[in-house]
1. According to a simple spin-label model (label point 7 Å from Cα along Cα-to-Cβ), what is the distance in nm between Gln109 and Tyr160?
2. What's the magnitude of the charge dipole for region 44-167 around its Cα centre, counting Lys and Arg as +1 and Asp and Glu as -1 at the beta-carbon? Answer in Debye, nearest 20.
3. Assuming a ≥ b ≥ c are the square roots of the Cα gyration tensor eigenvalues, decide whether region 44-167 counts as rounded (a/c under 1.5), prolate (otherwise, with a/b larger than b/c) or oblate.
4. Using 7 Å Cα-to-Cβ label points, what is the Ala72/Leu55 separation (nm, one decimal)?
5. Using a simple spin-label model with points 7 Å from Cα along the Cα→Cβ vector, what separation in nm is obtained for Ala100 and Asp47?
6. Work from the charge dipole of region 44-167 (Cβ charges, +1 for Lys and Arg, -1 for Asp and Glu, about the Cα centre) and give the residue of Val143, Val107, Met155 farthest towards its positive end.
7. Sort 108-120, 82-94 for me by packing, meaning the mean count of neighbouring Cβ atoms within 10 Å per residue, highest on top.
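We did not get these values from a lab; they are worked out from the coordinates using the rules stated. Predicted, not measured: the structure shown is a model, and the values here were computed from it. All Cβ positions, even for glycine, are placed from backbone atoms using ideal geometry, and neighbour counts span all protein chains on display.
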Amino acid sequence: MSLNRKMFVASMAAAALMMPATVALSQTAPQGPPASQQRPRLNLTEDQRNQIRGLREAQRTEAQALREKMRAARQQLQQAMRADAPDEAAIRSAAEALGALQADQAVQQVRSRSQFMQLLTPEQQAQMKQARARAAERAQRAVRAERRTMPRNRMLRQQYYRWWRGWI
């Protein structure tokens, strides 16, 4: 077997052995609590459950209609941007229409949350606020943890590419 072929086989074997280590290093995100602990137990009454179901159904149909409009607006913007002779006015109008729909979606989400909170008792509202604060804190911790591991992953990736460039 020639020296080049031996070197190639050795490098492939080394790469195969390194893959599980790189996968293990990339999966260092902290695990969240079990699904049973993620949702606050609000002890809803049957009447509250029925009202929330009706509210969700109405909001679901509204949200679906808005999503369809947004999909059409995104397609229109993409077509305007991909035109052979792009028209700046058409691109601006399509982007403004999409922005208006995104604003409508944000308002709809806030309205939905407000209507849901109005169905709850003051104690249940306090529980929901605490649960949202904990969720926001967990999300911030996850972002910080990802930022800490990102430079190491980038460094390993650069070393890996340099190593392969040496063999190619």
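1. Once both label points are built, they end up 3.3 nm from each other.
2. Details: 25 positive and 13 negative charges, 228 e Å.
Roughly 1100 debye for region 44-167.
3. On the way: a/c = 3.34, a/b = 1.24, b/c = 2.69.
It is oblate, given that a/c is not under 1.5 and a/b is not larger than b/c.
4. For the pair Ala72/Leu55, the computed spacing is 3.0 nm.
5. Taking the two extended label points, one gets 4.2 nm.
6. Comparing the listed Cα positions along the dipole, Met155 ranks first.
7. Details: 108-120: 13.2, 82-94: 10.8.
Sorting 108-120, 82-94 by mean packing, highest first, produces 108-120, 82-94.
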